[in-house]
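Any read-out appearing in this document is the output of simple, stated calculations on the displayed coordinates, not a laboratory observation. Please read all numbers here as calculations on a predicted model, not as lab measurements. Here Cβ is always computed from backbone atoms with ideal geometry, including for glycine, and neighbour counts include all displayed protein chains.
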């Protein structure tokens, strides 16, 4: 075998080995992403303090939740006031009355999805869809 043919065969063999290694690396499945931390996201009180648009069964309300637990919600000429909280099961609770009839109190609870801030009322008006949208 002459020198040129030997060098060519050596280079070809090296190229084939490199190509095989690249093919093996390129065809391997990627490592799975650990999403346990994102799946397990939980809401806490601090997440909800502020000004919101509350979408209650398609109707929009301007809602304010204070760090002290005060609640105010406005739509048209109606103003609802009361208190809000979270329970140990992660439900968002509102206890409200209207400013024109403070002796009449209504209580609602909803388990909000931590990613969409939406859910269905579990207590007070079961099945009613709600969603919170933070005002910027």
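Structural remarks
- Taking N as its residue count, the alpha carbon Rg of segment 42-136 over 2.2 N^0.38 Å: 0.99
- Virtual spin-label span in nm between residue 120 and residue 101, 7 Å along Cα→Cβ: 2.8
- Neighbour counts of C-beta atoms inside 10 Å place 73, 105 in the sequence 105, 73, starting with the fewest.
- Full-extension gain in nm, residue 62 to residue 136, via 0.36 nm per residue minus C-alpha separation: 25.4 nm
- Ordered by the count of other Cβ atoms within 10 Å of each Cβ, fewest first, 84, 115 give 115, 84.
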